[in-house]
Every structure is written in structure tokens, then in C-alpha cells.
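Notes follow once the structure below has been shown.
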Amino acid sequence: MRIEVLGSGCAKCNKTKELAEKAVKEAGVDAEIVKVEDFDKILEYGVMVTPALVIDGDVKVAGKVPSVEDIKKWITK
């Protein structure tokens, strides 16, 4: 599983990455978590507001920090 955190490195983007790491650990899922700061790549996903969370190429949330519970739901389906 590949989880991408899209954002410029702002506090909310860093928090999203932190929460994704926590969710992966709690769920016991094997996942690679990558921070994407390249705006061209972010725009390729159609994301206009960050932070955004992408799981295996599917944008799950954009413009807000997701909860650990939400992330766990997305990664255990």
C-alpha cells in the first residue's frame, strides 16, 4: 500500500503525515508513506487545497486533516 501526503510542508500537512503513520502502526498495515511537495504532482491528482491524503492513487481527503480513525478505515478496507 502506498500512502501519499500532499502538501507544501505546512503544519497541517506535517500533522496529516504524523496521523497517517500512527494509523498505519495501530492498524498493523504494511504501507509506504510518502510526502509529496511538488505542486505539479499535487495538481495531477486534481487537488487544489492541502493537506490531502492519497491511498494507492485514490484521493481520500483534501483541504483538511483527517482523523486517525478515518485513515484506519481507509487503509483496512
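The values are calculated or read from the model by the stated rules, or taken from the named source; none is laboratory data. Nothing here was measured: the structure is a model prediction, and the numbers come from that model. Positions of Cβ are backbone-derived with ideal geometry, glycine not excepted, and every protein chain shown enters the neighbour counts. Each accessible area value is taken on the protein alone, full model and side chains, heavy atoms only, with ligands, DNA and RNA left out. Shrake-Rupley method; radii C 1.70, N 1.55, O 1.52, S 1.80 Å.
Using R0 = 25 Å, the C-beta based FRET efficiency linking Cys10 and Val34 works out to 0.90.
Converting phi to 3J(HN,Hα) with the Karplus coefficients 6.51, -1.76 and 1.60 and the offset θ = phi - 60°, the range 38-48 yields 6, 4, 4, 5, 4, 5, 4, 7, x, 8, 9 Hz in sequence order, with x at every glycine or proline. Working note: Karplus 6.51/-1.76/1.60 with θ = phi - 60° gives the range 68-77 the couplings 4, 4, 4, 4, 4, 4, 5, 8, 9, 7 Hz, where Gly and Pro are set to x.
The relative contact order of the range 34-74 comes to 27 percent, based on Cα pairs under 8 Å that sit 6 or more residues apart. So for the chain, considering every pair of alpha-carbon atoms, how many percent are separated by more than 20 Å? For the chain, the fraction of Cα-Cα distances above 20 Å is 19 percent.
Carbon and sulfur atoms: what percent of the 1.4 Å accessible area of the range 1-51 do they account for?
50
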